[in-house]
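The next block holds one structure in the form of structure tokens; read it before the comments.
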Amino acid sequence: MSRLRIRKYLPAFGLVALVAAVWLVWRSVRDVSPADVLASIYGIPHHRLALAAAAAAGSYAVLTLFDWIGVHYAGCAGRISFRRAALASFVSLSLGHSIGLAPLGSGAVRFRYYDAWGIGAEEITKIVLATTVTVTMGQIGFAGLVLVLAPEPSARWLHIDPVLVRIAGAASLLFCLLYVVLAATLRHPLRLRRWTFKLPRWRLALAQVVVGTVNFALLAVAMHQLLATATDASFLIVANGFVLANVAALISHVPGGLGVIEYVILTFFPGAPVFGPTLVYRTFYYLVPLGLGAV
């Protein structure tokens, strides 16, 4: 009952967070004219736009492997081709990323596809579970790498000691390693309340960590290319802002992190004309795929 009550209030919490995020973004950019925003967008060199678009497209290409890993985990690789798994992946995630509650929303779209292809409800549940774990491992793995290699930018933004940030990064990497080790050594099923499931084989678990991390690295590349003309920050500095923005978006439950990602990037690079480039990032990664997925 308590879980149902929490789930009932999640949309309201997300709405409040969205309003707060939009207000914070407005407060940060209210002194910036639309002409300045357009100038910052037009000032992005064509080659950087192309690289950012290619990185965003590369991310969606990598995301197709999320479903392919899930299909193998569910044991139905012989009945589903990679082409079909890629189609289900792109449509479900292009919609889920922008609509919000991505694991649930994209899971519903996946169910519609895989059910039509003759896959049972239990197997579809395993596919959705595997893709969700891959996303989680990717977020944790990429954050761990960034925070271990360059903890100072996040430490300054959070106003804490860089040592604590590096420890958090190391703990994230150890968590990913532990997941792979458990997948290699723990063979009996795990029980979580009424649910019973097995960990994937260690090669599949390792693929989840690697593929998930590569996906988020590509998104950080896209953001870095777009911000490169607004700030001379290195890739690792931009990656720090990207990690913090995604954590904030995850906590807020705002669909697509709308306003939340923009606010974190604005405050991470105070005074720099980064609002326009973040709008281009949202267009490349959220709006264009949303339109294609809707079709």
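The values are calculated or read from the model by the stated rules, or taken from the named source; none is laboratory data. Small disclaimer: the values here were computed from a predicted structure and weren't measured. Quick reminder, even Gly has a Cβ in these numbers, built from the backbone with ideal geometry, and neighbours come from all protein chains shown. What goes into the accessible areas is simple: the full protein's heavy atoms, side chains included, and nothing from ligands, DNA or RNA. Shrake-Rupley method; radii C 1.70, N 1.55, O 1.52, S 1.80 Å.
Any residue in the range 109-128 that is of a type outside the set (S, T, N, Q) sitting within a Cβ distance under 6 Å of a residue that is open to solvent by 50 Å² or more (accessible area, probe 1.4 Å) and part of a helix (DSSP H, G or I)? List the pairs, counting only those 6 or more apart or interchain.
Partner pairs satisfying both residue conditions: 124/111.
Kindly indicate which of 131, 125 is surrounded by fewer than 20 Cβ atoms within 10 Å (Cβ to Cβ) and not aliphatic (A, V, I, L, M).
Details: 131 fails: surrounded by fewer than 20 Cβ atoms within 10 Å (Cβ to Cβ).
On inspection, the qualifying residue turns out to be 125.
Anything in the range 179-212 that is open to solvent by 90 Å² or more (accessible area, probe 1.4 Å) and either among the acidic types (Asp, Glu) or under 28 Å from residue 58 (Cα atoms) (or both)? List them, or say none.
Taking the range 179-212 as the starting set, the residues that turn out to be open to solvent by 90 Å² or more (accessible area, probe 1.4 Å) are 185, 187-188, 191-195, 198, 201-203.
Within the range 179-212, 201, 202, 203 qualify.
Which of the numbered conditions does residue 103 fail, given that it passes all the others? Conditions: (1) buried (at least 17 other Cβ atoms within 10 Å of the Cβ); (2) at pLDDT below 95; (3) of a type outside the set (A, V, I, L, M); (4) closer than 16 Å to residue 256 by Cβ.
Result: residue 103 fails condition (1) only.
Looking at the structure I just gave you, is residue 133 over 14 Å from the mean Cα position of the chain (by Cα) and not small (Gly, Ala, Ser)?
Numbers: over 14 Å from the mean Cα position of the chain (by Cα): no; not small (Gly, Ala, Ser): yes.
It is false that residue 133 is over 14 Å from the mean Cα position of the chain (by Cα) and not small (Gly, Ala, Ser).
Among the residues of the range 69-96 satisfying the criterion of being within 25 Å of residue 288 (Cα to Cα) and surrounded by fewer than 22 Cβ atoms within 10 Å (Cβ to Cβ), which is modelled with the lowest pLDDT?
Only one residue tops the list, namely 95.
Determine which single condition residue 120 fails, assuming it passes every other condition in (1) surrounded by fewer than 19 Cβ atoms within 10 Å (Cβ to Cβ); (2) small (Gly, Ala, Ser); (3) more than 25 Å from residue 199 (Cα to Cα).
All conditions pass for residue 120, except number (3).
May I ask you to verify whether residue 65 is surrounded by 18 or more Cβ atoms within 10 Å (Cβ to Cβ), at pLDDT 95 or above and of a type outside the set (Ser, Thr, Tyr)? Even if it seems obvious, please write down each step before you answer.
Details: surrounded by 18 or more Cβ atoms within 10 Å (Cβ to Cβ): yes; at pLDDT 95 or above: yes; of a type outside the set (Ser, Thr, Tyr): yes.
The answer is yes for residue 65.
So is residue 215 modelled with pLDDT of 95 or more, farther than 19 Å from residue 58 by Cα and of a type in the set (S, T, N, Q) or not? Outline the logic, then answer.
On the way: modelled with pLDDT of 95 or more: yes; farther than 19 Å from residue 58 by Cα: no; of a type in the set (S, T, N, Q): yes.
No: the conditions fail for residue 215.
Report, by residue number, each residue of the range 134-146 that is at pLDDT 95 or above and of a type in the set (A, V, I, L, M).
137, 140, 143, 145, 146
Right, residue 174: within 21 Å of the chain's Cα centre (by Cα), free of Cβ contacts under 8 Å to residues at least 60 places away in the same chain and surrounded by fewer than 17 Cβ atoms within 10 Å (Cβ to Cβ) or not? Steps first, please.
On the way: within 21 Å of the chain's Cα centre (by Cα): yes; free of Cβ contacts under 8 Å to residues at least 60 places away in the same chain: yes; surrounded by fewer than 17 Cβ atoms within 10 Å (Cβ to Cβ): yes.
Spelling it out, residue 174 is indeed within 21 Å of the chain's Cα centre (by Cα), free of Cβ contacts under 8 Å to residues at least 60 places away in the same chain and surrounded by fewer than 17 Cβ atoms within 10 Å (Cβ to Cβ).
With a cut-off of at least 2 residues that are surrounded by fewer than 21 Cβ atoms within 10 Å (Cβ to Cβ), name the helices (runs of 4 or more DSSP H) lying wholly within the range 220-289.
Values: elements: 235-252, 260-268, 275-282.
Those helices (runs of 4 or more DSSP H) span 235-252, 275-282.
Quick one: in the range 152-164, of everything that is touching a residue at least 24 places away in the same chain (Cβ under 8 Å) and open to solvent by less than 70 Å² (accessible area, probe 1.4 Å), which residue is farthest from residue 234 (Cα to Cα)?
Top of the filtered list is 154.
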